[in-house]
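Below is one structure, written out as structure tokens, with a few remarks after it.
Here, each number is a calculation from the coordinates, and none is a lab measurement. Quick caveat: nothing in here was measured; it's all calculated off a predicted structure. Cβ placement follows ideal geometry from the backbone for every residue including glycine, while neighbour counts extend to all protein chains displayed.
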Amino acid sequence: MIKRVLITGANAGLGKEAALQLAARPEVEVVYLGCRNKHKAAAAQQELEQITGRNIFEVLEIDVSDIASVERAVHDLPQSVDALIMNAGGTGGKRFSAINNSGVTEIFAVNLLGHSVLTERLLKSGKLTQVAVYAGSEAARGVPEMGMPRPNLSTSSVEEFMSICDGSAFAKNQDATAHYGPIKYMGALWMSAMARRHPHVRFVTMSPGATKGTEGFNTLPFIKQYAMKGMMQVMLWLGKVHRVETGAARYLTAIFDANLESGRFYASKKGLTGALSAQHHVFADLDNPQFQDNALLAIERFTVK
Ligand SMILES: NC(=O)c1ccc[n+]([C@@H]2O[C@H](COP(=O)([O-])OP(=O)(O)OC[C@H]3O[C@@H](n4cnc5c(N)ncnc54)[C@H](OP(=O)(O)O)[C@@H]3O)[C@@H](O)[C@H]2O)c1
């Protein structure tokens, strides 16, 4: 039974909505809101308590782009969680390609490096017992509708994956969306490798799908932001994107639907919304154990001292 859940990036968007939906399940006793900003976290906690009438929300301070903060959070977590939703992420802010003190880009740190450390530390301390869900994206297998090509790696070696971590694969490309798809692809591969390494936990990568009304585009340069938001609005009218309730519900599907296989990446069967399917049928590289292990090893080059 899932009684305690930790969600990263829980003060806004899909993370906050997932917290709300979890509270509708009587068996859920505690939802840890993993947030980097105390004030935003407290406001979200209060709002969630008011809407749900349940005092089950606890704030856990965590900045997933900072390994020291992740380690503190694991230490501060007072008890184990049955499920982890690795939701924080997005396009990495205005300095997305800056290299942080772990040697990776900000966009990589927020989407993947911190979550990999979080998962490893939780497992090592016995604080994650049943399910790990990683926020994937259809960008990991390409989204032609939004001009995002499928990640195109030449060797899928550890070194090539490392060049995604430190941004050197993208040379001077100043478009965060060029980094985003390959990073989410690596995230899905890393989850598959983790599923083989830790068979007692289910590892499910789940894309929330194209979700209108979250804050994800707000840190893009103004023109790109305007273009992406405009495109999302048109796509909502055309029924090609969905609302935050639908996107967050996919995380709960990943946790509670035991038919979803560990180590798989689920996303929209076609386009960016609608029925889910396992994405290795669409993009066979996702099913390659060597690529999966290489992605994990590349991450470990930046995390294991
Ligand atoms: N929306 C979509 O269409 C879509 C589609 C596919 C995948 N996704 C994925 O879904 C996830 C959530 O997206 P969203 O659209 O809900 O984003 P959002 O509205 O921008 O919310 C992101 C949340 O993550 C938090 N966050 C950002 N950096 C953080 C850090 N370093 N440490 C801790 N928390 C941090 C933010 O906190 P602050 O308020 O402090 O910034 C916020 O609570 C992301 O991983 C995204 O890549 C989204």
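Could you list the GluC sites (Glu not before Pro) in the stretch 200-305 that lie in coil according to DSSP, counting only those with at most 15 other Cβ atoms within 10 Å of their Cβ?
Working: sites: Glu215, Glu245, Glu261, Glu300; in loops: Glu215, Glu261.
The qualifying sites are Glu215, Glu261.
If you count the DSSP beta bridges with both ends in the chain, what percent of them are antiparallel, to the nearest 5?
Working: 5 of 32 bridges.
Antiparallel bridges: around 15 percent, rounded to the nearest 5.
Please compare each pair in Lys16/Lys172; Lys3/Lys305; Lys16/Lys38 to a cut-off of 25 Å on the Cα-Cα distance and tell me which ones are over it. Kindly include the intermediate steps, with their values, before the conclusion.
Details: Lys16/Lys172 34 Å; Lys3/Lys305 34 Å; Lys16/Lys38 14 Å.
Flagged as over cut-off: Lys16/Lys172; Lys3/Lys305.
Computed log10 I(q)/I(0) for the stretch 54-128 at 0.12, 0.18, 0.21, 0.27 Å⁻¹: -0.34, -0.71, -0.91, -1.27, from the Debye equation with unit scatterers placed on every C-alpha and solvent omitted.
For trypsin sites (Lys or Arg not before Pro), the sites in the stretch 154-227 that DSSP calls loop and that have at most 12 other Cβ atoms within 10 Å are Lys172. Per residue, the chain reaches -12500 deg cm²/dmol at 222 nm when only DSSP H runs of four or more residues are counted, each adding -39500 (n - 2.57). Kindly identify the stretch 31-79 as rounded, prolate or oblate by the Cα gyration tensor criterion: order the square roots of the eigenvalues as a ≥ b ≥ c, call it rounded if a/c is under 1.5, otherwise compare a/b with b/c, prolate if a/b is larger, else oblate. Because a/c hits 1.5 or more and a/b fails to exceed b/c, the stretch 31-79 counts as oblate. For the pair the stretch 112-158 and the stretch 234-301, the centres of their Cα atoms are 10 angstrom apart.
List the DSSP H helices in the chain whose Cα atoms stretch 27 Å or more along the helix axis and whose mean Kyte-Doolittle hydropathy is at least -1.0.
On the way: long enough: 176-197 (31 Å, -0.02).
Sorted by number, the helices that extend far enough and score high enough are 176-197.
Shape verdict for the stretch 158-283, please, from the Cα gyration tensor: rounded (a/c under 1.5), prolate (a/b greater than b/c) or oblate. Taking the square roots of the gyration eigenvalues as a ≥ b ≥ c, the stretch 158-283 is oblate.
Considering only Pro208, Pro199, Pro182, the mean-square fluctuation computed in a Gaussian network model of the chain, springs between alpha carbons under 10 angstrom, is largest for Pro199. Kirkwood-type hydrodynamic radius, the stretch 4-303: 18.9 Å, calculated from all non-identical alpha-carbon pairs.
List the relative contact order of the chain as a percent without decimals, with contacts defined as Cα pairs under 8 Å and 6+ residues apart. Show your work: numbers first, answer last.
Numbers: 609 pairs, mean separation 58.2, N = 305.
Across the chain, relative contact order equals 19 percent.
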